[in-house]
Amino acid sequence: MYNTDEVFEGYLTPHYRVPYPVDVTELVEEHEGDIGGCIPVSFSDYTKPAAVIFVNGCPYNCPHCHNKEVVESKAGLGEPFLKTFQRITHRCACAEHAGLEVSPFIQHVVISGGEPTAYTKLPELIRLYKYMGMGVKVDTMGFNVDVMLDHLDIVDAFYIDVKGPWEMYPELVGIPSLSVEKVKQSFSRIFDAATHHPEKFVFRTTMVPELSESDIEQVKQNIPVTHSLKLQKFRSVTSG
């Protein structure tokens with residue numbers, strides 16, 4: 001496995017820190033089999049134009065999941081990871097060679113899933129893009145809090161899906177045996193971090209049919225007072 005410190009040492013450009021003199025194909029291919037697909041440019045997944053990467057696998061089985069392909073570790077969303085990576089590095093390298101003072105069009109990447117914090121190579125993937133001088137946003141359900149807190153200093157934003165009131169979690173994530181107490185403990189740590197670093201966290205809830213207005217109000221009461229809850233409209237998976 002590559003050590004990103006060694007691979008990129010001496011190849012970081014002054015403006016965008018783009019490692020274009022290095023053939024990073026082998027490095028990227030280490031992640032290729034773990035990525036279900038990519039969107040090279042999205043205007044809806046972040047507050048800025050961003051590339052989106054869908055990491056395979058998820059410990060949950062949410063009944064209304066829109067990304068079943070990546071949850072089940074099947075490719076099929078967007079284009080291959082390597083192709084998207086090459087698009088980004090090419091744009092950045094061209095801008096650097098041209099001596100442009102303006103930044104490349106795509107300056108941010110969204111790591112989604114699946115559940116990114118369950119991906120064992122997530123730290124490497126984050127650092128790969130940070131070495132390129134890009135902003136990184138992680139979409140997560142707060143599954144692995146340790147991974148989140150360990151990378152709080154380099155991840156630009158965590159967008160966290162709060163599924164609903166704690167007692168409804170087993171139903172909402174499709175895991176009847178899920179410990180509600182463990183969910184509460186995990187979110188307690190996340191909320192504490194969000195209180196101290198409010199700019200790093202966004203909390204959102206999708207208004208699935210199982211949730212009532214009172215359930216939504218309960219979620220609003222649970223999140224830190226430093227934050228407001230972002231509500232997302234429910235779209236049926238079969239609606240097309």
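State yes or no: is L211 in contact with a Gly (Cβ under 6 Å, 6 or more places away or on another chain) and either in a strand (DSSP E or B) or closer than 21 Å to N61 by Cα (or both)? Step through it out loud before you land on a result.
Numbers: in contact with a Gly (Cβ under 6 Å, 6 or more places away or on another chain): yes; either in a strand (DSSP E or B) or closer than 21 Å to N61 by Cα (or both): yes.
Considered against the rule, which asks whether it is in contact with a Gly (Cβ under 6 Å, 6 or more places away or on another chain) and either in a strand (DSSP E or B) or closer than 21 Å to N61 by Cα (or both), L211 comes out as yes.
Name the single residue, out of those in segment 187-215 being charged (D, E, K, R) and loosely packed, with under 14 Cβ neighbours inside 10 Å, that is farthest from E115 (Cα to Cα). So that I can check it myself, show each step before the final result.
So the first thing to find is which residues in segment 187-215 are charged (D, E, K, R), and the list is 189, 192, 199-200, 204, 210, 213, 215.
Filter once more, so that each one left must be loosely packed, with under 14 Cβ neighbours inside 10 Å: 192, 199, 213.
Numbers: D192: 21, E199: 22, E213: 27 Å.
In this case the residue turns out to be E213.
Considering only residues that are touching a residue at least 12 places away in the same chain (Cβ under 8 Å) and under 17 Å from T140 (Cα atoms), which ones fall in segment 176-196?
From segment 176-196, those touching a residue at least 12 places away in the same chain (Cβ under 8 Å) are 180, 183-184, 186-187, 189-191, 193-195; that's our starting set.
Listed by number, the residues that qualify are V183, K184, S186, F187, R189, I190, F191, A193, A194.
Considering K163, K184, which residue is outside any helix (DSSP H, G or I), of a type in the set (D, E, K, R), at pLDDT 95 or above and surrounded by 13 or more Cβ atoms within 10 Å (Cβ to Cβ)? Before the answer, list the steps.
Working: K184 fails: outside any helix (DSSP H, G or I).
One residue alone meets the criteria, K163.
Of the residues that make up segment 223-233, is at least one under 23 Å from I111 (Cα atoms) and assigned to a helix (DSSP H, G or I)?
No, there is no match, as no residue in segment 223-233 is under 23 Å from I111 (Cα atoms) and assigned to a helix (DSSP H, G or I).
If I filter segment 130-159 down to residues being surrounded by fewer than 21 Cβ atoms within 10 Å (Cβ to Cβ) and among the hydroxyl-bearing types (S, T, Y), which single residue comes out as nearest to K68 (Cα to Cα)?
Residue satisfying both the conditions and the ranking: Y159.
Could you tell me whether G114 is outside any helix (DSSP H, G or I) and modelled with pLDDT of 85 or more?
Details: outside any helix (DSSP H, G or I): yes; modelled with pLDDT of 85 or more: yes.
It is true that G114 is outside any helix (DSSP H, G or I) and modelled with pLDDT of 85 or more.
Does segment 118-139 hold any residues that are closer than 21 Å to P49 by Cα and not in a helix (DSSP H, G or I), and which are they?
From segment 118-139, those closer than 21 Å to P49 by Cα are 125-139; that's our starting set.
Hits for segment 118-139 are M132, G133, M134, G135, V136, K137, V138, D139.
Kindly evaluate Y169 against the criterion of being closer than 17 Å to Y60 by Cβ, in contact with an Asp or Glu (Cβ under 6 Å, 6 or more places away or on another chain) and not in a loop (DSSP other than H, G, I, E, B).
Values: closer than 17 Å to Y60 by Cβ: yes; in contact with an Asp or Glu (Cβ under 6 Å, 6 or more places away or on another chain): no; not in a loop (DSSP other than H, G, I, E, B): yes.
No.
Restricting to segment 172-181, count the residues that are outside any helix (DSSP H, G or I) and under 18 Å from D215 (Cβ atoms). Steps first, please.
Start the filter on segment 172-181 by keeping residues that are outside any helix (DSSP H, G or I), which leaves 173-179.
From what is left, the residues that are under 18 Å from D215 (Cβ atoms) are 173-174, 178.
Looking only at that region, the number is 3.
Say we look at segment 216-227 and pick out the residues that are touching a helix residue (DSSP H, G or I) at 6+ places or on another chain (Cβ under 8 Å) and among the polar types (S, T, N, Q); which of these is modelled with the lowest pLDDT?
Filtering first and then ranking leaves T226.
The values are calculated or read from the model by the stated rules, or taken from the named source; none is laboratory data. Keep in mind that what you see is a predicted model, and the values were worked out from it rather than measured. When we count neighbours, we look across all protein chains shown, and the Cβ atoms used for this are built from the backbone with ideal geometry, even at glycine.
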